[in-house]
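Asker: The structure is given below, and queries will be raised subsequently.
The values are calculated or read from the model by the stated rules, or taken from the named source; none is laboratory data. These numbers come from a predicted model, not from an experiment. Here Cβ is always computed from backbone atoms with ideal geometry, including for glycine, and neighbour counts include all displayed protein chains. Surface areas here come from the heavy atoms of the whole protein model, side chains and all, with no ligands, DNA or RNA. Shrake-Rupley method; radii C 1.70, N 1.55, O 1.52, S 1.80 Å.
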Amino acid sequence: MSLLIALGLAGVLIQSPVAPPTAAVSGRVMEHGSGTPIAGAQVLLMPSSIGSRPRQFPDRPRAAVTGSDGRYQFDDVQPGRYRIVVEKAGFARLNLVAMPEVIVERHERRDGVNVALQRSAAIAGRVVDDMGEAMVGAQVMAMRRPDGPPGSGLRDDLLEGDPLGHVPVR
């Protein structure tokens, strides 16, 4: 009887698929320039190409959220090529070229896959003429004002609005 059990277990062990060795990917998300950690950012580990798509996660990317120190980590990553995509409200999204790409091999631990995000903002509104009529087709361009002392020739009057947030366009 014990021989039958031993043979049965041996058959199960031989037929069980062997999980492929996995890897790990980790890093930090921080603010561009200051290096301040960004907490609460969503980090996606996305297959970089169809040929390297991991078998375990075929249809959707893996997701993690950064901690207070800006760190994220993905364990049990199948070997392959991935892109790191990071999103956080108030920060600009990276374009495809700027997204870090990482190639992981079996049993490899890739640390230091860091991402720097720049702060962003949105401007919304309506352009009107002196009579309050909408100016159809008006073009508005937001420009970064260079730092400089008052009276240095910067057009501060074009950047300040009234208490209601209306900004004159001249």
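Asker: In segment 104-132, which residues are of a type in the set (A, V, I, L, M), touching a strand residue (DSSP E or B) at 6+ places or on another chain (Cβ under 6 Å) and within 24 Å of residue 32 (Cα to Cα)?
Answerer: 113, 115, 116, 117
Condition check ((1) acidic (Asp, Glu); (2) open to solvent by less than 40 Å² (accessible area, probe 1.4 Å); (3) over 10 Å from the mean Cα position of the chain (by Cα)) across all residues:
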residue	(1), (2), (3)
76	yes, no, yes
81	no, no, yes
87	yes, no, no
93	no, no, no
96	no, no, yes
112	no, no, yes
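Asker: What are the residues in segment 23-39 that are among the polar types (S, T, N, Q), modelled with pLDDT of 95 or more and open to solvent by 50 Å² or more (accessible area, probe 1.4 Å), if any?
Answerer: Filtering segment 23-39 for residues among the polar types (S, T, N, Q) gives 26, 34, 36.
Still in the list and also modelled with pLDDT of 95 or more: 26, 36.
The one that is among the polar types (S, T, N, Q), modelled with pLDDT of 95 or more and open to solvent by 50 Å² or more (accessible area, probe 1.4 Å): 36.
Asker: Is one or more of the residues making up segment 65-73 closer than 15 Å to residue 42 by Cβ, modelled with pLDDT under 90, part of a loop (DSSP other than H, G, I, E, B) and under 24 Å from the mean Cα position of the chain (by Cα)?
Answerer: There is no residue in segment 65-73 that is closer than 15 Å to residue 42 by Cβ, modelled with pLDDT under 90, part of a loop (DSSP other than H, G, I, E, B) and under 24 Å from the mean Cα position of the chain (by Cα).
Asker: Okay, moving on. With respect to residue 49, determine if the residue is closer than 19 Å to residue 103 by Cβ, at pLDDT below 95 and open to solvent by 40 Å² or more (accessible area, probe 1.4 Å). Lay out the reasoning, then the answer.
Answerer: Values: closer than 19 Å to residue 103 by Cβ: yes; at pLDDT below 95: yes; open to solvent by 40 Å² or more (accessible area, probe 1.4 Å): yes.
Yes: the conditions hold for residue 49.
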